[in-house]
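Written below as structure tokens is the structure these notes are about.
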Amino acid sequence: MLADPGVRKWAHNAPHDRHSLENEGVEVEGLEDSLQWLRVAVPGMKDYGLKEAEQWALGYEPRPGFLETVTHDVEVVTARRRKESGCVCGAKPCRAKRTADWWDGTAFRLHERVSWKVFTPVKRVVQERWAVTDFVPGHPRWEAWLQYSLLDAVRGMELVSWLRNRRQRAVSYPWNRSS
């Protein structure tokens, strides 16, 4: 059906859909673009995306978009590093000369200055995206994904129907007036 040019198919932003399908090896013919039709039929609107157009043209309430559907919060642990220095005797600060010695419990040692790195774990929450191919039955957002996809398809068809049934406004041009 997708390859049949006799079957008219509609997509909002059809070049994107055609590109996506053809990248997967699917031949598409007879694909029409409702986005371009909407821009020509209703000039002067701020946004022509499907989510926006279904609000101002069809009267629907706002709904979650693609990014809200595919993003999720993940806690990430990273390490913060800082450099510290001091004497092997453990005194802070150690004011002894490097040539002075001290008893460590088993032997006399010199006051040697050393440096080391201290790592502190840092937790933060970041947003990550699931790939579209991750949405399979059993996925935590499977139902939300089905709902999102269904509403895109149905409301895209409703928008085409709205455009077909929209009354064309008669434009009066000054050079066409008969006086």
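Computed quantities for the displayed model
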item: Selection within the range 128-139 - at pLDDT 95 or above, surrounded by 10 or more Cβ atoms within 10 Å (Cβ to Cβ) and either closer than 30 Å to Lys92 by Cβ or not aromatic (Phe, Trp, Tyr) (or both); result: Glu128, Arg129, Asp134, His139
item: Whichever residue in the range 140-167 is within 16 Å of Val70 (Cβ to Cβ) and of a type in the set (Gly, Ala, Ser) and, among such residues, is surrounded by the most Cβ atoms within 10 Å (Cβ to Cβ); result: Ala144
item: Residue match in the range 79-96 (condition: out of contact with any Gly (no Cβ under 7 Å at 6 or more places or on another chain) and in contact (Cβ under 8 Å) with a residue 40 or more places away in the chain); result: yes
item: Residues satisfying the stated conditions in the range 115-153, i.e. part of a helix (DSSP H, G or I) and without any contact (Cβ under 8 Å) to a residue 24 or more places away in the chain; result: Thr133, Asp134, Trp142, Glu143, Leu146, Gln147, Ser149, Leu150, Ala153
item: Residues of the range 6-61 that turn out to be part of a loop (DSSP other than H, G, I, E, B) and among the polar types (S, T, N, Q), as a count; result: 1
item: Test for Gly86: is it closer than 30 Å to Thr120 by Cβ, surrounded by 12 or more Cβ atoms within 10 Å (Cβ to Cβ) and touching a Lys or Arg at 6+ places or on another chain (Cβ under 7 Å); result: yes
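The values are calculated or read from the model by the stated rules, or taken from the named source; none is laboratory data. Small disclaimer: the values here were computed from a predicted structure and weren't measured. Virtual Cβ from ideal backbone geometry, glycine too; neighbours counted across all protein chains shown.
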